[in-house]
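Q: Please read through the structure below; I'll follow up with questions.
Bear in mind these aren't lab numbers, they're just calculated from the coordinates by the rules spelled out. Note that the structure is a prediction, hence the values are computed from the model and not measured. Cβ placement follows ideal geometry from the backbone for every residue including glycine, while neighbour counts extend to all protein chains displayed.
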C-alpha cells in the first residue's frame, strides 16, 4: 500500500508530502513526471504544490500533458483517491478531473499566510473527518477559483464545494484572492475521490509546525487507500 507523490520540474512540496504520509503511518514513493505508470502498489496519489514547469503558459497547463498524468487520470477514473495541493489543484483542474479553474489573485500579488477555512461538505473520504472550521497556510499567486454561475450552483447542490475562506468581500468572494464564492477547495470524481485545495495541509500537520489541522487530509489518503 503506497501513496504516490508526483514530482514535476519545479515541484517544491513533494518532500513535505512524503514526510507527512510517513508520519501518519503510511508508506510513500515518488512518481516522476516522465514515468508512464504509478509505482507498484499505489493506493492513493498526491499531486503536490510548487511551480511545475515554472508555471509557463498557465499554472498547471504543461504538467497536465506529462506522461504521468495519464496514469493519474486513469487511477482517478477507477475510483482511486487523488489529492491535489495548490499547484496540484491547478493541475487537476487542467486535467478536468476537477471542475473550474484557478486564475491570478485579484490583488495581483503572491499571498503567503495562515487562513481560516470552513468545511462546506462532509461528502467523500477527504471531508468526513474534518472539523467544521480549520486553519491552514496558503502560498499562491494564482489561487482565485473561477467557474460559470450555473456550474457553481451545481457544485453547491452536489456537495462539491469542500472548503471556503471565512473572510469574504461584500459580494461573497474571498477577500484573500477573489475566489468565486470564497472557494478554497472542491471535490470531484464518481465518489468524491478527487480533491483539490489551495491551502497546504502538509505544512500544518504536526504540532511543531504550529498545528495539526492538515493532518486529516493525509490520514484520509493513507486509510482510504488501505
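Q: What length, rounded to one decimal in nm, is gained on full extension from residue 61 through to residue 101, with 0.36 nm per residue of separation minus their alpha-carbon distance? Please list the in-between numbers first.
A: Values: separation 40, 0.36 × 40 = 14.40 nm, distance 1.08 nm.
Length gained between residue 61 and residue 101: 13.3 nm.
Q: By how many degrees, between 0 and 90 and to the nearest 10, does the Cα long axis of helix 67-77 differ from the longest principal axis of the chain?
A: 70
Q: Would you indicate which of (i) 38, 17, 15; (ii) 29, 20, 17; (iii) 24, 19, 17 is the value of semi-axes √(5λ) of the Cα gyration tensor in Å derived from the coordinates of this structure?
A: Correct label is (iii).
Q: On a 0 to 90° scale, report how tilted helix 14-23 is relative to the longest principal axis of the chain, with both axes built from alpha carbons and the result rounded to the nearest 10.
A: With rounding to tens, the tilt is 70 degrees.
Q: Something else about it: Can you compute the helix-only [θ] at 222 nm over the chain? Use -39500 (n - 2.57) per DSSP H run of at least 4 residues, normalise by all residues, nearest 500 deg cm²/dmol.
A: Details: 5 runs with 48 residues, N = 226.
The per-residue figure over the chain is -6000 deg cm²/dmol.
Q: Same structure again: What number, in percent, do you get for the relative contact order of the range 99-226 if the mean sequence gap of Cα pairs under 8 Å and at least 6 apart is divided by its residue count?
A: Dividing the mean separation by the residue count of the range 99-226 yields 26 percent.
Q: State the Cα centre-to-centre distance between the range 44-94 and the range 163-204 in whole Å.
A: 17
Q: Can you tell me the FRET efficiency between residue 122 and residue 190 if r is taken as the Cβ-Cβ distance and R0 is 22 Å, rounded to the nearest 0.05?
A: Values: r = 17 Å, r/R0 = 0.79.
After rounding to 0.05, the efficiency reads 0.80.
Q: With a ≥ b ≥ c the root eigenvalues of the C-alpha gyration tensor of the range 92-169, is it rounded (a/c under 1.5), prolate (a/b larger than b/c) or oblate? Can you show the working numbers first?
A: Numbers: a/c = 1.71, a/b = 1.12, b/c = 1.53.
Oblate.
Q: Hey, another quick one. Nearest 5 percent is fine: what portion of the DSSP beta bridges confined to the chain is antiparallel? Please report the intermediate quantities before stating the final value.
A: On the way: 24 of 41 bridges.
Roughly 60 percent of the DSSP beta bridges within the chain come out antiparallel.
Q: Now for a different question. Give me the percent relative contact order of the range 2-224, please, defined on Cα pairs under 8 angstrom at least 6 residues apart.
A: Taking the mean separation of contacting Cα pairs over the length of the range 2-224, I get 21 percent.
Q: Let me ask another. 7 Å from Cα along Cα→Cβ at both residue 15 and residue 133: what's the point-to-point distance in nm?
A: So the label points at residue 15 and residue 133 sit 3.6 nm apart.
Q: Please figure out what share of the DSSP beta bridges in the range 1-78 is antiparallel and state it in percent, rounded to the nearest 5.
A: 10
Q: Ranked by Cβ crowding within 10 angstrom, fewest neighbours first, how are 169, 164 ordered?
A: 169, 164
Q: Still on this structure, I have one more. When a footprinting reagent is the concern and you count Cβ atoms within 10 Å, what order do 93, 212 take, fewest first?
A: 212, 93
Q: Starting with the fewest neighbours, write out 16, 35, 122 ranked by other beta-carbon atoms found within 10 Å of each beta-carbon.
A: Values: 16 20, 35 16, 122 13.
The most exposed by this proxy come first: 122, 35, 16.
Q: Ratio of alpha-carbon Rg to the 2.2 N^0.38 Å globular estimate for the range 162-226, to two decimals, please.
A: 1.29
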